[in-house]
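*Asks:* After the structure tokens below, expect a handful of questions from me.
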Amino acid sequence: MNEPTETLLHLSQQLLDAIDAGDWETYAALCDPTLTAFEPEAVGHLVAGMPFHRFYFDLERDGRPRQSTISSPDVRVMENSAVVCYVRLVQRLTPDGRPETVAFEETRVWEKQAGGWRHVHFHRSTTAP
């Protein structure tokens, strides 16, 4: 694996870890303020900027453990941008304490800016049953 690929996979995992931990500061530091996204929570709409995402970070956490694993990643670097695609496996406990794993198909777009790579767009969807 080459250095940009390793770096982008590391940054993508760091982003997911921040989401799982509710760590807004790390998440915001990795993202461009003009971040755009298509995700299930946006119900078919393109959302732009950070306030939409901040809402979910500000919700009270239930305290149940959760972790995300990047499965089957593919990284394509194009000069100052990169696309990272993978299946995200989220392990968590249900409210009654049973472990479960759910999967999402994710595409993350990163842009090389002054100071390093910044997350600028993503598309997340649930996997087919």
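The values are calculated or read from the model by the stated rules, or taken from the named source; none is laboratory data. These numbers were taken from a predicted model, which means no experiment stands behind them. Every residue, glycine as well, gets a Cβ built from its backbone with ideal geometry; the counts of neighbours run over all protein chains shown.
*Asks:* List every residue pair whose Cβ atoms sit under 7 Å apart, with the two residues 6 or more apart in sequence or on different chains, where the first one lies in segment 40-60 and is among the basic types (Lys, Arg) and the second, anywhere, is surrounded by 13 or more Cβ atoms within 10 Å (Cβ to Cβ) and at pLDDT below 95.
*Replies:* none
*Asks:* I'd like the full set of residues that are surrounded by 12 or more Cβ atoms within 10 Å (Cβ to Cβ) and either of a type in the set (Gly, Ala, Ser) or more than 16 Å from Leu46 (Cβ to Cβ) (or both), limited to segment 117-129.
*Replies:* Filtering segment 117-129 down to residues surrounded by 12 or more Cβ atoms within 10 Å (Cβ to Cβ) leaves 117-125.
If the condition is that a residue be surrounded by 12 or more Cβ atoms within 10 Å (Cβ to Cβ) and either of a type in the set (Gly, Ala, Ser) or more than 16 Å from Leu46 (Cβ to Cβ) (or both), then Trp117, Arg118, Ser125 are the ones that fit.
*Asks:* One residue is enough: does segment 50-67 have a residue meeting the conditions surrounded by 12 or more Cβ atoms within 10 Å (Cβ to Cβ) and more than 19 Å from Ser12 (Cβ to Cβ)?
*Replies:* Yes, segment 50-67 contains at least one residue that is surrounded by 12 or more Cβ atoms within 10 Å (Cβ to Cβ) and more than 19 Å from Ser12 (Cβ to Cβ).
*Asks:* It is to be established whether one or more residues within segment 78-100 are surrounded by 10 or more Cβ atoms within 10 Å (Cβ to Cβ), under 26 Å from Gly115 (Cα atoms) and among the basic types (Lys, Arg).
*Replies:* The answer is no, given that none of the residues of segment 78-100 is surrounded by 10 or more Cβ atoms within 10 Å (Cβ to Cβ), under 26 Å from Gly115 (Cα atoms) and among the basic types (Lys, Arg).
*Asks:* Hey, could you check segment 1-23 for residues that are hydrophobic (A, V, I, L, M, F, W, C) and within 23 Å of Asn80 (Cα to Cα) and say which is surrounded by the most Cβ atoms within 10 Å (Cβ to Cβ)? Talk me through it step by step, then tell me what you get.
*Replies:* Taking segment 1-23 as the starting set, the residues that turn out to be hydrophobic (A, V, I, L, M, F, W, C) are 1, 8-9, 11, 15-16, 18-19, 21.
Restricting the remaining residues to those that are within 23 Å of Asn80 (Cα to Cα) gives 1, 8-9, 11, 15-16.
Values: Met1: 9, Leu8: 21, Leu9: 16, Leu11: 19, Leu15: 23, Leu16: 20.
Ranking the candidates gives Leu15 first.
*Asks:* In addition: Have a look at Thr36, Thr26 and point out the one that is over 29 Å from Pro99 (Cα atoms), surrounded by 14 or more Cβ atoms within 10 Å (Cβ to Cβ) and either free of Cβ contacts under 8 Å to residues at least 40 places away in the same chain or touching a strand residue (DSSP E or B) at 6+ places or on another chain (Cβ under 8 Å) (or both). Before you say what the answer is, go through the steps one by one.
*Replies:* Values: Thr26 fails: over 29 Å from Pro99 (Cα atoms).
Unique residue meeting the criteria: Thr36.
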